[in-house]
Amino acid sequence: MTTRTDAPTRREQILKEAARLFAERGFHGVGVDEIGAAVGISGPGLYRHFPGKDAMLAELLVGISERLLAGGRLRVTEDARSGDGSPEVLLDALIEGHIDFALDDRPLITLHDRELDRLRDSDRKRVRQLQRQYVELWVEVVSALYPLLPESEARATVHAVFGLLNSTPHLGRPGALPGRTATAALLHRLARGAFAAAGDQV
């Protein structure tokens, strides 16, 4: 899967620092001046990029939902085109992609859990719509791998695995983890174990 290597834009830098600060201190605990200072510009200078904190929060939460769905679809498409688009390979690809998110975007997981209800209705509905599409992408692959597993149980297992993978903010500070490679491998084994446990019971 291709990955972006370009230097982050100023807008992306602002969003990254906003996510970190919002996750650490809460949306209302952070001012625009603090976000600006974190990227080396004045607070009012932020308004050249965003109309306010609400817009930053919306772009963060809608944006990560869009990226997860697009990334999942891309992984499935690329693996299918490579000639080995078996359900097992596709599931591994989806798990790997979500682990990348869970390890590299931990503040966004915290932000989603704490601040989703602060979005305006249209943005919150968009996030939920994207999340449902992402879940169904997984359900299709899981159902192909475990055809006897009822669809409702496949969907419940996908949600459970998301909960497992998205637990990374609660695993301690990044330096306390056993290392990214080892943590990713552990999460992958746990996720596959959960799916196997569900599929092997039918």
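The values are calculated or read from the model by the stated rules, or taken from the named source; none is laboratory data. Note that the structure is predicted; figures quoted are calculated from it, not measured. Don't worry about glycine lacking a Cβ; one is built from the backbone with ideal geometry, like all the others, and counts go over all protein chains shown. Each accessible area value is taken on the protein alone, full model and side chains, heavy atoms only, with ligands, DNA and RNA left out. Shrake-Rupley method; radii C 1.70, N 1.55, O 1.52, S 1.80 Å.
Structure summary
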{"item": "Matching residues, segment 135-166, being in contact (Cβ under 8 Å) with a residue 12 or more places away in the chain and not in a helix (DSSP H, G or I)", "result": "Tyr146, Leu148, Leu149, Pro150, Asn166"}
{"item": "Search result, residues across segment 167-186 that are open to solvent by less than 50 Å² (accessible area, probe 1.4 Å), modelled with pLDDT under 90 and not in a helix (DSSP H, G or I)", "result": "Gly172, Leu177, Gly179"}
{"item": "Failed item, numbered, when Met56 is tested on (1) open to solvent by 20 Å² or more (accessible area, probe 1.4 Å); (2) assigned to a helix (DSSP H, G or I)", "result": "(1)"}
{"item": "First in segment 49-61 and touching a residue at least 12 places away in the same chain (Cβ under 8 Å), second anywhere and in a loop (DSSP other than H, G, I, E, B) and not aromatic (Phe, Trp, Tyr), Cβ under 6 Å, 6 or more apart", "result": "Ala58/Leu119"}
{"item": "Any hit, segment 135-142, residues being in contact with a Pro (Cβ under 7 Å, 6 or more places away or on another chain) and not hydroxyl-bearing (Ser, Thr, Tyr)", "result": "yes"}
{"item": "Boolean, Ser65 is hydroxyl-bearing (Ser, Thr, Tyr) and in contact (Cβ under 8 Å) with a residue 12 or more places away in the chain", "result": "yes"}
{"item": "Residues located in segment 65-118, provided they are surrounded by fewer than 18 Cβ atoms within 10 Å (Cβ to Cβ) and outside any helix (DSSP H, G or I)", "result": "Ser82, Gly83, Asp84, Gly85, Ser86"}
{"item": "From Leu130, Leu90, residue being under 30 Å from Leu21 (Cα atoms) and of a type outside the set (Phe, Trp, Tyr)", "result": "Leu130"}
{"item": "Unique match (being under 16 Å from the mean Cα position of the chain (by Cα), farther than 19 Å from Gly72 by Cβ, in a helix (DSSP H, G or I) and at pLDDT 95 or above) among Arg128, Arg132, Arg189, Arg124", "result": "Arg124"}
{"item": "Lone qualifier among Asp33, Asp105 - being under 16 Å from Pro169 (Cβ atoms), of a type outside the set (A, V, I, L, M, F, W, C) and at pLDDT below 95", "result": "Asp105"}
